Structures are given as C-alpha cells and as structure tokens.
1. Shape call for region 25-142 from the C-alpha gyration tensor, a ≥ b ≥ c root eigenvalues: rounded (a/c under 1.5), prolate (a/b greater than b/c) or oblate?
2. Cα axis of helix 128-139 to longest principal axis of the chain: angle in degrees, 0 to 90, nearest 10?
3. Between residue 87 and residue 122, what is 0.36 nm times their sequence separation minus the Cα-Cα distance? Round to one decimal in nm.
4. For helix 58-79, report the angle its Cα long axis makes with the longest principal axis of the Cα atoms of the chain; keep it between 0 and 90° and round to the nearest 10°.
5. When you count, for each residue, the other Cβ atoms within 10 Å and take the mean per peptide, how do 14-22, 60-68, 96-104 rank with the highest first?
6. So for each of 73-84, 46-57 I average, over its residues, the number of other beta carbons within 10 Å; can you give me the resulting order with the highest mean first?
C-alpha cells in the first residue's frame, strides 16, 4: 500500500531524503530524477501529496503545469537538448511506480539517446460517428 507517510517524494519535499533540486516555490519542487533516462531528466511534483492526476486538485495542477515550461526551457538551455518528452503516468498499467503525481521532463538528444516511446495509430478503427459519441460522453463528465 502506498501512503503519504511512506511516499519517497513527500520525504524529498520534507527534506528527509536528499535530492538535486532545480526549482522550488511554495507549491512545486523539481529535482533531477535519479535514473537520468537522458541527461537532465527532471521530475516536477506538487508538494501536496496526490496519488496521480486523478487526485490532483485543479489549483495545484495549475501551479505545477505553470512551472513546467520554465523548467523545460532551463533544461534545454543547459543541456542543449533538441527536444523534450513531457509525460506523467497514472497507475501501474501506465507505468507509474511512485504514487505521488509527477511530471517527467526528459530531454532528447537524438533517436539513439536511450529513450523511446512507441505510438500506434488506430485512426481507422474508429468512425467519425463513434468519435463524436465518445467526445459527447466524455464531455458530460467535465
């Protein structure tokens, strides 16, 4: 079970575990990921504990996402990255391993830089009517 008390990111926020911080304000902290998928790989997290995007309050999300471009630009300037993957994983099926919402900023340096994501298109699997129905169904919950 993942609890706030056992959360490694909460411990980083509290200063109980060391980290290499690149940014901090009242709501957000960003630090280098210890895995360094590529040089400069940074995690941006709220200080407020939320398991993932589903539990993140909108006001906190606003502050986190507001900080992302500033941090991404700083990473790009320092590392010379030619691109950036910006991603977050929610739940195990999506690859989440730390259950505290976070955004990965993964600088890209070329196709052989050690990071890859595979996207398959399924555009032919859905008719325009099916997409229209799905969009209407989703929008009812927003």
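1. On the way: a/c = 2.07, a/b = 1.30, b/c = 1.59.
It is oblate, given that a/c is not under 1.5 and a/b is not larger than b/c.
2. For 128-139 against the chain, the angle is about 50 degrees.
3. Details: separation 35, 0.36 × 35 = 12.60 nm, distance 2.07 nm.
The residue 87-residue 122 span can extend by a further 10.5 nm.
4. For 58-79 against the chain, the angle is about 70 degrees.
5. Numbers: 14-22: 11.7, 60-68: 16.3, 96-104: 19.2.
Averaged packing, sorted descending, gives the order 96-104, 60-68, 14-22.
6. Numbers: 73-84: 14.8, 46-57: 16.8.
Per-residue mean Cβ counts within 10 Å order the peptides as 46-57, 73-84.
Any read-out appearing in this document is the output of simple, stated calculations on the displayed coordinates, not a laboratory observation. Only a predicted model underlies this, so the values are computations on that prediction, with no experimental measurement involved. Virtual Cβ from ideal backbone geometry, glycine too; neighbours counted across all protein chains shown.
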